[in-house]
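Participant: The following block contains the structure, expressed as structure tokens.
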Number of protein chains: 2
Amino acid sequence: MNYCPDCAAPIEQRIPDDDNRLRAVCSHCGAVHYENPKLVLGTLPIWNNKILLCKRAIAPRSGYWTLPAGFMELGESTTDGAHRETLEESGADVEMGPVFAIFDIPHVAQVHIFFRAQMRSETLDPGPETTDARLFGIGEIPWDDLAFRSVRAALELFIEDQRLDRHMVHRQTILI
Amino acid sequence: MNYCPDCAAPIEQRIPDDDNRLRAVCSHCGAVHYENPKLVLGTLPIWNNKILLCKRAIAPRSGYWTLPAGFMELGESTTDGAHRETLEESGADVEMGPVFAIFDIPHVAQVHIFFRAQMRSETLDPGPETTDARLFGIGEIPWDDLAFRSVRAALELFIEDQRLDRHMVHRQTILI
């Protein structure tokens, strides 16, 4: 941030009086512009014990496989956002389930929340951000071609949950 | 947002080519400035079956009681942030527990995540954002003087969990 989004004057990095961190503060109007981590919402869509993955058509990690997920938008809930991303990226008709996992990724200032989702049919209709959407059995997961570490972590936890007949909400911090 | 934080040219609201929503787009450099919901992190600190509440010294809701909570900062995890806010607002030394509840509050574009927290002692040392910090038994909660609806919801769920001997992660959408 170089200029104040309110009044276009130059920004300076300083610690406001009632604060203890460097913030982007306007040198003219004094507005403090906070930067905060972003939420990414996704699903773990299941059909007959197979998992739905989408091959990304866009950067970052174009050509790699991901669970359907994307940035939360203003005005929606976390389940709304996860449901919307699933529909946009795969066309899958899912019934949203409970929270599956929360991944903290501090070095990119993101929090990823994945929900369990039960597919209502096998029908898929990938959108423009996806070149392919496909169901993978547990033995078929393309481990070497996954797009993101949170996706890998979610798949590993899902498999481990099944093995141990474990039902829980996971939280993990993914470090550099 | 009136001016581009990158180049100070006027912002226009339009739908970028590869998008389906109005965004703040720079009329000069073309940068798209996304706005996303913010995360608020807090704890439900417990000592001998009493709950720690803090009386707010600052707006919004100055003078009302809250669970320790605040905006997530860049570079921290959700548990880090909840722990930091608890220390800043109450001075309580807590052992962080698992996720207790996720509240979606779409009309203010916020997601509140509360963690269970076990106090290691009764010692409290409220910071500048808090005029008082106190332990409340379940029958003593100041229901008419709570600061936020997510705080009320968290306390109600905690009491109901105890009554039903229920152990779960809650998710609720709080509407207008």
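Participant: What per residue convex hull volume, in Å³, comes out for the protein assembly as shown when only alpha-carbon positions are used?
Facilitator: That works out to 153 Å³ per residue.
Participant: Moving to a separate point now. Taking the DSSP beta bridges in chain A as the whole, what percent of them are antiparallel, to the nearest 5?
Facilitator: On the way: 29 of 43 bridges.
If we restrict to bridges inside chain A, about 65 percent are antiparallel.
Participant: Taking the label point as lying 7 angstrom from Cα along the Cα-to-Cβ axis, what are the distances from B:Pro60 to the corresponding position in the remaining copies, in ascending order and in nanometres?
Facilitator: Copy-to-copy label distances at B:Pro60, shortest first: 3.3 nm.
Participant: With θ set to phi - 60° and the Karplus curve 6.51 cos²θ - 1.76 cosθ + 1.60, what are the ³J(HN,Hα) couplings of the stretch A:69-75 in order, to the nearest whole Hz, using x for Gly and Pro?
Facilitator: Taking θ as phi minus 60°, the curve returns 6, x, 5, 5, 9, 4, x Hz for the stretch A:69-75.
Participant: So, in nm, how far is label B:Arg149 from label A:Tyr34 when the simple model puts each one 7 Å beyond its Cα toward the Cβ?
Facilitator: For B:Arg149 paired with A:Tyr34, the spin-label model returns 2.0 nm.
Participant: Pull out a ≥ b ≥ c, the square roots of the eigenvalues of the alpha-carbon gyration tensor of the stretch B:1-46, then state rounded if a/c is under 1.5, prolate if not and a/b is larger than b/c, and oblate in the remaining case.
Facilitator: prolate
Participant: For peptide B:96-103, how many partner chain Cβ atoms fall within 10 Å of a residue's Cβ, on average?
Facilitator: Per-residue shielding by partner chains comes out at 2.
Participant: Angle, helix B:78-90 long axis vs. longest principal axis of chain B, Cα atoms, 0 to 90°, nearest 10?
Facilitator: 60 degrees
Participant: Please report the antiparallel percentage of DSSP beta bridges with both residues in the protein assembly as shown, rounded to the nearest 5.
Facilitator: So the antiparallel bridges amount to about 65 percent of the total.
Participant: Highest mean first, how do A:82-93, A:99-110, B:29-40 rank when packing is the count of other Cβ atoms within 10 Å averaged over residues?
Facilitator: Ranked from most to least packed, the peptides come out as A:82-93, A:99-110, B:29-40.
Participant: Another question, then. How far apart, in nm, are the 7 Å Cα→Cβ label points at B:Gln162 and B:Asn20?
Facilitator: 4.6 nm
Participant: If the only charges are +1 at each Lys and Arg Cβ and -1 at each Asp and Glu Cβ, what is the size of the charge dipole of chain B around the Cα centre, to the nearest 20 debye?
Facilitator: For chain B, the charge dipole is close to 400 debye.
Participant: Once amide H atoms are placed 1.01 Å from N in the peptide plane, what residues at a sequence separation of 5 or more from B:Gln110, or on another chain, have their amide H within under 5 Å of its amide H?
Facilitator: B:Lys38, B:Ile105
Participant: Rank A:Asn49, A:Val94, A:Met119 by how far each Cα sits towards the positive end of the charge dipole of the stretch A:1-128 (+1 on Lys, Arg Cβ; -1 on Asp, Glu Cβ) and give me just the farthest.
Facilitator: Most positive-ward Cα: A:Asn49.
Participant: What does the charge dipole of the stretch B:81-150 about its Cα centre add up to, to the nearest 20 debye, if the Cβ of each Lys and Arg holds +1 and the Cβ of each Asp and Glu holds -1? The partial results should precede the final answer.
Facilitator: Numbers: 5 positive and 13 negative charges, 59 e Å.
Once rounded to the nearest 20, the dipole reads 280 debye.
Participant: Right, next: Taking Cα centroids, how far is the stretch A:145-176 from the stretch B:1-51 in Å?
Facilitator: 29 Å
Participant: Ok, one more. Rounded to the nearest 500 deg cm²/dmol, what is the calculated helix-only ellipticity per residue at 222 nm for chain A, with -39500 (n - 2.57) per DSSP H run of length n ≥ 4?
Facilitator: For chain A, the value works out to -5500 deg cm²/dmol.
Participant: Oh, and also: Could you tell me whether the stretch B:68-163 comes out rounded, prolate or oblate from its Cα gyration tensor? Rule is a ≥ b ≥ c as square roots of the eigenvalues, rounded for a/c under 1.5, then prolate if a/b exceeds b/c, otherwise oblate.
Facilitator: Verdict is rounded for the stretch B:68-163.
Participant: Give the nm distances, rounded to one decimal, from B:Cys29 to the matching residue in every other copy, measuring between label points 7 Å along Cα toward the beta carbon; shortest first.
Facilitator: 1.9
Participant: Going by a ≥ b ≥ c, the root eigenvalues of the Cα gyration tensor, does chain A fall in the rounded group (a/c under 1.5), the prolate group (a/b larger than b/c) or the oblate group?
Facilitator: It is prolate, given that a/c is not under 1.5 and a/b is the larger ratio.
Participant: Let me ask something else about it. To the nearest 10 degrees, how steep is helix B:149-164 against the longest Cα principal axis of chain B, on a 0 to 90 scale?
Facilitator: 40 degrees
Participant: While we're on this one: Got the A:Ala9 label distances to the other copies yet, label 7 Å along Cα→Cβ, in nm, shortest first?
Facilitator: Once sorted, the set of distances for A:Ala9 reads 2.4 nm.
Participant: Separate question: Treat each spin label as a single point 7 Å out from the Cα along the C-beta direction, and report the B:Asn2 to B:Asn48 distance in nm.
Facilitator: Taking the two extended label points, one gets 5.6 nm.
Values quoted throughout were computed directly from the atomic coordinates according to the rules given, and no laboratory measurement underlies them. Keep in mind the model is a prediction, meaning the values are calculated, not measured. We place every Cβ from the backbone using ideal geometry, glycine too, and count neighbours over all the protein chains shown.
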